[in-house]
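All remarks here apply to the structure that follows.
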Amino acid sequence: MGTSQVTLESLLQFPEGKEILTCLQCGTCSGTCPYGDVMEFPPRRMVAMLRAGMLDQVFASDSLLACVACYACMAKCPRGIRLTEVLLPLLKEQTLAHLSEVPAELQKALQSTLRYGNPMGEPSRKRAAWVKTASVPIRILAEDPRPVDVLWFVECYTSFHPRCQDNSRATALLFHKLGIDFAILGNEEKCVGECARLTGEPGLFETLVDYNMAVFQKYRFKRVVTSCPHAYSALKNLYSSIGFHWELEHTTPFLARHLVRLKPLLVRKLGYIVTYHDSCCLGRQNDVYDAPRALLQAIPGVRLAEMVHNRVNSICCGGGGGGMWLDTYYKAKGYERLSERRAKEAAATGADVLAVSCPFEVSRFEDAFKVLGYDKRMVVRDVTELLAEAMEA
Amino acid sequence: MHILVILKMVPDVVEELEIAPDGKALNTDYLRMILSESDDHALEQALLLKERHGGNVTVVAFDAPEVDDTLFAALAKGASRAVKIVGAEPGMTTSGAGRLLARILVQEPALLPAGLVLAGVQAIDDLDALVAPLLAHQLAMPYLGIVTRVALDPSGETASVLKEYPGGVRGEFEVRLPAVLGIQGAEKPPRYVPVAKVRAAMKSQKIDTVQAPALTGGDLRLVEVLGMNKPQLTGHAEMLEGSPAEVSSRLCEILAGRGVF
């Protein structure tokens, strides 16, 4: 539908738009939405307004900036309306177009994603710089384009964020020890664009799709494994409809599939109580709940403790759908940070470690722990980091 | 009112800059160009004035890598015409650029008359802040620089302009139009333009190309670049280690040695 004028008629011309006619107005979406209580128009009310033709009021509101694309409303909708996947991004695009000022952090992230291929505004030529800090050799396809079994799509935070690079170094070590034939795109890689789309920037997403698909076509590989649940979700559910035909896995199911060979390598007893946070993209959107838990349970001396909200009921870290770059905006609005809400649940389990499987979550939860004063008693670790730690003799 | 905005592409310092083998220029193999930040503000100020008072905005830029993307983004934001000047001699002096711009503005149809000519006050690749005043001189228009607010009089004959001085001092001026203004910052940050709108502009709008006329006179290349160097490391911090007594004793020695006491 692009940025053209959206009317009730044009909305109802599309199967996804027509879905709003089936809404029961039960309110489950608004009740399950982590920011439903602060939105001017929570999802149920928004759908009712759309059906009443009150589109202008919906578009003029900034309610959708509080949508962190956590898939909770969609997972719970008894009518199966694809709110997070289709309807909300469509409306969010209009919100973004109608805002008198896009929040500065979000604007910078979107502009940087377009220009440098990453939302942090880091130089695209340094995307693979972290490779030099890895303990094992990592093949970059531009330098050595021989066919490879696993194309590891590292993604943005895992390439640039100093703390998230720990995840990349651990993943490289795990692949190496398992004897996986793997390579990365290096500086040719750009963000897959899932957050851009769910922020209401479909044009940016399409630009990234065109670029990434052209890069994929340059090389021969059997499967793509990615460290980022957001990339996994977009490659699986969106890129697949435009020619992405390779096998695809997130690192946690990929490693869980190699558990028989991995387990003997986990020689060190860690002795941690671990609670696992389900990433929205991996869990609710793609049903990956067991693989990360199986990996954690394979580590000697790890005892799993579940949070009150887990699996399909997990509470979002607040980083999806552009939320990663709206913390200042939410703070100014007086909203509770979702990462802090979740950190409190993690602390209540009595765990030593909050385990995660999404690169967004490390910095979000580490910040939340510091703000709440939990940082002396708990740490945040990616599942891959814990596996690598258990490999150290 | 018709507003002209002069845009300039400058080296993007996010991507690391390399010096060319001749040691006199940036290595263009890795160089990426981006719109000068204060020019982005000049465009935003022009668009705000257009929204407030009507009229149209024309953007004018010298050819440079990635300039088309910048011009289409300006069209997507609300400029009505984009003009690209091609064939200009590379390495022009500031005065040459001012003269050339003035010539083109006068010769090219429908660029002048304009009530306002806005340019970023300064660009990172020369810091001279002289192109706009030189252009104003050539066009015989008044000039005000380091401008952070522009309010048009309803008559369209004058504008009230806020100019910044060091130490937080600000001055308000009334300027007769047409005028050239060097914009330091727009009233609000440059707006976001969705990529889909830029893509649509690329399909439905065009960039007018103007051939740069040959300038006579010897002031085009009065400045020669002798050399370009990355900052040299000239010193480093000395970390004092040891017990508090050892560290404080060493600190006293250093301070005494430097004549602090």
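The values are calculated or read from the model by the stated rules, or taken from the named source; none is laboratory data. From a predicted model like this one, the values you see are computed outputs, not experimental measurements. Note that we place each Cβ from the backbone using ideal geometry, even for glycine, and neighbour counts take in every protein chain shown. What goes into the accessible areas is simple: the full protein's heavy atoms, side chains included, and nothing from ligands, DNA or RNA. Shrake-Rupley method; radii C 1.70, N 1.55, O 1.52, S 1.80 Å.
Using the alpha carbons alone, the radius of gyration of the protein assembly as shown stands to its Kirkwood radius in an Rg to Rh ratio of 1.02.
Taking Cα centre as origin and charging only the Cβ of basic (Lys, Arg, +1) and acidic (Asp, Glu, -1) residues, the dipole magnitude of segment B:2-219 rounds to 880 debye.
Under a model in which nothing but the beta-carbon of Lys, Arg (+1) and Asp, Glu (-1) is charged, segment B:139-261 shows a dipole of about 700 debye around its Cα centre. From the square roots a ≥ b ≥ c of the eigenvalues of the alpha-carbon gyration tensor of segment B:2-219, which class results: rounded (a/c under 1.5), prolate (a/b over b/c), or oblate? Cα axes put segment B:2-219 in the rounded bin.
Listed by chain and number, the lysines whose alpha-carbon sits under 24 Å from that of residue A:263, ignoring those within fewer than 8 places in the same chain, are A:177. Residues whose amide H lies under 5 Å from that of residue A:248, counting only those 5 or more places away or on a different chain, are A:224; hydrogens are built 1.01 Å from N in the peptide plane. Here segment B:21-61 is described by how far its Cα atoms reach on the three principal axes: 51, 15, 15 Å, from widest to narrowest. Once you reduce segment A:340-393 and segment A:28-72 to the center of their Cα atoms, the two points are 31 Å from each other. With a ≥ b ≥ c taken as the square roots of the eigenvalues of the C-alpha gyration tensor of segment A:214-336, please select rounded if a/c is under 1.5 and otherwise prolate if a/b is larger than b/c or oblate if it is not? Note, shape of segment A:214-336 comes out oblate.
What is the log10 of I(q)/I(0) for segment A:1-90, computed with the Debye formula using one identical point scatterer on each Cα and no solvent, at q = 0.13, 0.25 Å⁻¹? Log10 I(q)/I(0), no solvent term: -0.37, -1.51. The simple Förster model, with R0 at 22 Å and r as the Cβ-Cβ distance, assigns residue B:56 and residue B:205 a FRET efficiency of 0.95.
Amide H to amide H distances under 5 Å link residue B:33 with B:12, where only residues 5 or more positions off or on other chains count and H is placed in the peptide plane. Multiplying the residue separation of residue A:341 and residue A:25 by 0.36 nm and subtracting their alpha-carbon distance yields 111.0 nm. Here the protein assembly as shown carries DSSP beta bridges of which approximately 25% are antiparallel, counting only pairs with both residues inside. Nearest 10 degrees is fine. How inclined is helix A:338-348 to the longest principal axis of chain A, computing both from alpha carbons? Around 50 degrees separate the two axes. Over chain A, DSSP H runs of length four or greater, each weighted -39,500 (n - 2.57), average out per residue to a 222 nm ellipticity of -11500 deg cm²/dmol.
Counting only DSSP beta bridges whose two residues both lie in segment B:2-219, roughly 35 percent are antiparallel. For segment B:14-56, the set of GluC sites (Glu not before Pro) satisfying both a DSSP loop assignment and a count of at most 14 other C-beta atoms within 10 Å is given as B:16, B:18.
In a reduced charge model with +1 at each Lys and Arg Cβ and -1 at each Asp and Glu Cβ, the protein assembly as shown shows a dipole moment near 1660 debye about its Cα centre.
Buried accessible surface for the B/A pair, both sides summed and rounded to the nearest 100, is 1800 Å² with a 1.4 Å probe.
The trypsin sites (Lys or Arg not before Pro) found in segment B:142-233 that occupy coil by DSSP, while having at most 13 further C-beta atoms within 10 Å, are B:206, B:221. Inter-chain neighbour count for A:205-215: the average number of beta-carbon atoms from partner chains within 10 Å of each residue's beta-carbon is 1. Label-to-label distance, residue A:125 versus residue A:13, with points set 7 angstrom from Cα along the beta-carbon direction: 4.6 nm. Toward the positive end of the charge dipole of chain A, with +1 on the Cβ of Lys and Arg and -1 on the Cβ of Asp and Glu, the farthest Cα among A:388, A:121, A:28 is that of A:388.
Length gain on complete extension for the stretch residue A:48 to residue A:211, per 0.36 nm per residue less the alpha carbon to alpha carbon distance? Difference between extended and current length: 54.9 nm. Placing unit charges on the Cβ atoms of the charged side chains and taking the dipole of segment B:2-219 about its Cα centre, the candidate lying farthest along the positive direction among B:201, B:14, B:214 is B:201.
Here r is the Cβ-Cβ distance between residue A:136 and residue A:218 and R0 is 22 Å; the resulting FRET efficiency, rounded to 0.05, is 0.35.
Looking at segment A:325-393, which GluC sites (Glu not before Pro) are DSSP coil and have at most 10 other C-beta atoms within 10 Å of their C-beta? Here the GluC sites (Glu not before Pro) that fit, given the DSSP loop and packing criteria, are A:392. Estimated from the Cβ-Cβ distance and a Förster radius of 56 angstrom, the FRET efficiency linking residue B:187 and residue A:261 is about 0.35.
Placing +1 on the Cβ of each Lys and Arg and -1 on the Cβ of each Asp and Glu in segment B:2-219, which of B:102, B:186, B:56 has its Cα farthest towards the positive end of the resulting dipole? Projecting each Cα onto the dipole axis, the largest value belongs to B:56. Quick one: Cα centre-to-centre distance for segment B:188-261 and segment B:47-63, in angstrom? Here the two parts' Cα centres lie 30 Å apart.
Proximity of backbone amide H atoms, modeled 1.01 Å from N, is registered between residue A:302 and A:270, A:271, A:272 at under 5 Å, excluding neighbours fewer than 5 places apart on the same chain.
Its DSSP H runs of at least 4 residues, each contributing -39,500 (n - 2.57), put the calculated 222 nm mean residue ellipticity of chain B at -9000 deg cm²/dmol, to the nearest 500. Of the solvent-accessible surface of chain A, computed with a 1.4 Å probe and all protein chains present, 52% belongs to carbon and sulfur. With a ≥ b ≥ c taken as the square roots of the eigenvalues of the C-alpha gyration tensor of segment A:73-147, please select rounded if a/c is under 1.5 and otherwise prolate if a/b is larger than b/c or oblate if it is not? Note, shape of segment A:73-147 comes out oblate.
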